[in-house]
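Only one structure is covered here, and it is reproduced in the block below.
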Amino acid sequence: MMKKALTLISLLWGAGFIIAGIVMGILGYRHISYSIYFLLPFVTFGLVGVIPASLLLLMTYAKTWRGRLAWVVLYVIAITAIVESVAIWKKYYEIPRNGGPYLVFSGDPKTTMTICWAAEKAVPGKIDYVKDGESGWLHAECASAHYPKVLLEGLQPGTHYRYRVPALGNKEHSFQTAPSAPEDFSFAVYGDNRHAGFISFHQSVLRAIKREEPNYNGFRLILNSGDIVERSGTGHGWQWHSFLRDITPLASSRPYEVSLGNHEAGGSPKYYEEFFDYGVPDHWRVLDYAGVRFIALSTQDDLEPGSPQYAWLVKTLDTPPADTRFTVVTLHKPLLTYDPRERYHDPALRSLLEPLFPEKKVDIVFAGHVHAYEHHHLPAFEHVITGGGGVMLWNKPVPGPETVKTETCWHFCAVEVKGNTMSVRAIRTDCSLLDAFTITSKKI
Ligand SMILES: [Fe+2]
């Protein structure tokens, strides 16, 4: 009798949690149409149901107390081993592991390039490099660091170079310096590639960028609008390693420029600062590349009038080089979003920047933070949220008065600058077209 009752309890317990998982899964799937939102609650609730239920069942059918005890010990050992393995794996990555290289601009893009990588042992960084087509290798060094950054100076504009990082095994890579005058080129933009728990679809987005690249004669730059890791403090070193492993195939041959997001800034931005050196002490900067002025702002730092960042922004917008065709602003938090949830809205940011940007002839803004694609047409500039870089897609914006297109999907933006036009194509990870529009320069 007792055995039958316990069997019934264990079966009801297991089935109850599995049903709860199915119900939660259906609710998640209805909110965002991705099967992952069904599987996550199904698996989580399923485990909570199946593990204790199966143990109870085994104990019921074990013939002796010794047998029952053996099952309990086995379960405790198995669960402890799984939890401990994860802790050991995370601890392994607390010391940066060899990875990279990746490129950034920290000086004049026409005559410099900064080569970075991650090193298990903090030893002086060394780079061999040579102009493409020549054979006399040159050498450059930097001080000891876990994230060495070697600044190559005195390069020729618009020129291809080959380089190798002896500490990473002498594999040859290449890059191209910025041209000395405006020319046609393409770049890619996306954001919010971070993990949520242990899940990220960043690699699918990067594969799509790689597949699309030949259609654009190569992307000269990769811009990321922030949230590259879930958290950046102790216990999250593995996320930096994973991020570096993901971006290396692209970032080893062109600069990778990140606007600080709230996740890598959470707690302390020191990990972000250690990983990237854009040649300035602040989290905001400007890059003039082939007639396009790229301004990266930090929505994690004060942007109010009177703040150092605001003063810098106004001055930078007022003093573009004479040959500037377009001004592109990247920042993490958007000026506007039609995601229904209040916490994604920042009316103060919109009221601050929406009047300023037309006055200073900003052409387009790329933001993130909202895990979806939104394209808004504002009176004098385009506003794009490209927050589908690989993170879980839990935002579902609705169309608003300024919305041209919105969709919740993983994607990136391919931007082609040709003469006085800039064409933007938002592309899903299956390489289908999500949105396309062209803007014309207001400056020539
Ligand atoms: Fe964010």
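Derivation of every value follows stated rules applied to the coordinates shown; laboratory data play no part. Values in this document were obtained by computation on a predicted structure and should not be read as measured data. Every residue, glycine among them, receives a Cβ derived from its backbone with ideal geometry; neighbour counts consider all protein chains shown.
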Using the Kirkwood radius built from alpha carbon pairs, what does the Stokes-Einstein equation give as D for region 98-180 at 10 °C and 1.306 mPa s, in µm² per second? 125
With charges set only on the Cβ (+1 for Lys and Arg, -1 for Asp and Glu), what does the dipole of region 285-440 come to about its Cα centre, in debye to the nearest 20? 200
Over 20 Å [Cα-Cα, region 2-92], rounded percent: 53
So what's the net charge close to Asn98: Lys and Arg +1, Asp and Glu -1, counting the other residues with Cβ under 13 Å from its Cβ? +3
For Trp117, Trp137, order by how many other beta-carbon atoms lie within 10 Å, fewest first: Trp137, Trp117
Ratio for the chain, C-alpha Rg to 2.2 N^0.38 Å, reads 1.14
Assign unit charges at the C-beta atoms only (+1 for Lys and Arg, -1 for Asp and Glu), then state the dipole size of region 364-444 relative to its Cα centre in Debye, rounded to the nearest 20. 200
Among Pro321, Leu260, Pro305 - extreme Cα towards positive end, dipole of region 241-358, charges at beta-carbon: Pro321
For Ala145, distant residues with modelled amide H under 5 Å away: Val123, Gly125
Amide H neighbours of Ser180 under 5 Å, counting only residues 5+ apart in sequence or on other chains, H built in-plane at 1.01 Å? Gly158
Could you give the size of the charge dipole of the chain about its Cα centre, using +1 on the Cβ of each K and R and -1 on the Cβ of each D and E, expressed in debye and rounded to the nearest 20? 1880
Please give the Cα centre distance for region 373-415 versus region 271-322, rounded to the nearest Å. 23
Using a basic spin-label model with each label point 7 Å from the Cα along Cα→Cβ, how many nm lie between Lys171 and Asp108? 3.3
In the chain, helical segments from DSSP H whose Cα atoms cover 24 Å or more along their own axis and that average at least 1.0 on the Kyte-Doolittle scale are 2-31, 36-61
Modelled label-to-label distance, Asn262 and Ile199, 7 Å Cα→beta-carbon offset: nm? 2.1
Ranked packing of 143-150, 4-11, most packed first, by mean Cβ within 10 Å: 143-150, 4-11
With the dipole of region 2-92 worked out from charges on the C-beta (+1 for Lys and Arg, -1 for Asp and Glu) around the Cα centre, which of Met59, Leu11, Phe45 lies farthest toward the positive end? Met59
Kindly write out, for region 361-368 in residue order, the coupling ³J(HN,Hα) from the Karplus curve 6.51 cos²θ - 1.76 cosθ + 1.60 (θ = phi - 60°), rounded to whole Hz, with x marking Gly and Pro. 6, 6, 8, 7, 10, 10, 10, x
